[in-house]
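Here, each number is a calculation from the coordinates, and none is a lab measurement. Because the structure is predicted, anything quoted here is derived from the model rather than measured. A quick note on method: Cβ atoms are made from the backbone with ideal geometry, for glycine too, and the neighbour counts reach across all protein chains shown.
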Amino acid sequence: MQKSEKRGKFITLEGMDGAGKSTHIPNIIAALKTRGVEVVSTREPGGTRLGEQLRTLLLHDTMHPETETLLMFAARREHIANVIEPALKRGAYVLSDRFTDATYAYQCGAKGVSSNKIKQLEKWVQGRLQPDLTLLFDVPVEISMTRLSTAREPDKFEREDAKFFEKLRQAYLTRAKENPKRFRVIDANQALDKVKVLVENIISTI
Ligand code: TYD
């Protein structure tokens, strides 16, 4: 009888814009690859040809927050069907720069879309799929805003004000409290080397 392949692991990275999560992606990929596993690095919104087209619209066009939510989940449906599920099935580690927690934080927490509506879409689009591990890069709002002001041309979300960012941060921290088994909150307001070690330690546990 053929040995059934072991399902891979799904890791997601979250945090406010400017929290620094993107900086750590290459290190996480390297840490996972030392185990000899396949690593699929992807992002949301995006990750597929259609998803990347939706990303351009989502990041630059003004729209109703519910339209934004629906498009996020449309891109996610495509991403799950074409990238995430096939990779997990063949035993790969999938690392996604953002996933559904971002919809709860941005569209619900910061923009006021009903969490029940998001829950319905989550159930519809994901079924039972949930990340195995979520790293939340947390920094105070002033820090994230300072980091953003020195970065490249801001997108629509990055141009929001401090009030928006504060709601966002609280929404993320609440998600982490509600899902303690899956979330690891990383204090990203410290030297890069220290954050790197923290991240590597967490990754080694999965
Ligand atoms: P981000 O991940 O910060 O990429 P970059 O580092 O290239 O700027 O950009 C994605 C933006 O999309 C970010 O501002 C958060 C937003 N977003 C949502 O509002 N809802 C979602 O469900 C997702 C996945 C992202």
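Distance between the modelled labels on Ser114 and Glu85, one decimal in nanometres: 2.7 nm (7 Å Cα→Cβ projection). Using a simple spin-label model with pseudo-atoms 7 Å out from Cα toward Cβ, Asp161 and Trp124 lie 3.3 nm apart.
The order of His24, His79, His64, going from fewest to most other C-beta atoms within 10 Å of their C-beta, is His64, His24, His79.
Sequentially through region 199-206, phi angles give Karplus couplings (6.51, -1.76, 1.60; θ = phi - 60°) of 4, 4, 4, 5, 4, 5, 8, 9 Hz, Gly and Pro residues having no value and appearing as x.
Evaluate the relative contact order of the chain (contact order divided by residue number), counting alpha-carbon pairs under 8 angstrom at least 6 apart; express in whole percent. Show your work: numbers first, answer last.
Details: 308 pairs, mean separation 67.1, N = 206.
Relative contact order, the chain: 33 percent.
Length available on full extension from Ile202 to Arg152: 0.36 nm per residue minus the Cα-Cα distance, which gives 15.0 nm. Extension gain for Gln190 to Glu142 (0.36 nm times residue separation, less C-alpha to C-alpha distance): 15.9 nm. Close amide H partners of Gly15, meaning residues 5 or more places away or on another chain with modelled amide H under 5 Å apart, are Phe137.
How do Lys167, Lys33, Lys21 line up, fewest other C-beta atoms within 10 Å first? Provide the component values of the computation, followed by the final result.
Numbers: Lys167 19, Lys33 12, Lys21 23.
By the 10 Å Cβ count, ascending: Lys33, Lys167, Lys21.
Under the simplified labelling scheme, the Leu70-Glu38 pair shows an inter-label distance of 3.5 nm, with each label point 7 Å from Cα along Cα→Cβ.
Counting other beta carbons within 10 Å of each residue's own, what order do Tyr104, Tyr93 fall into, fewest first?
Values: Tyr104 21, Tyr93 24.
By the 10 Å Cβ count, ascending: Tyr104, Tyr93.
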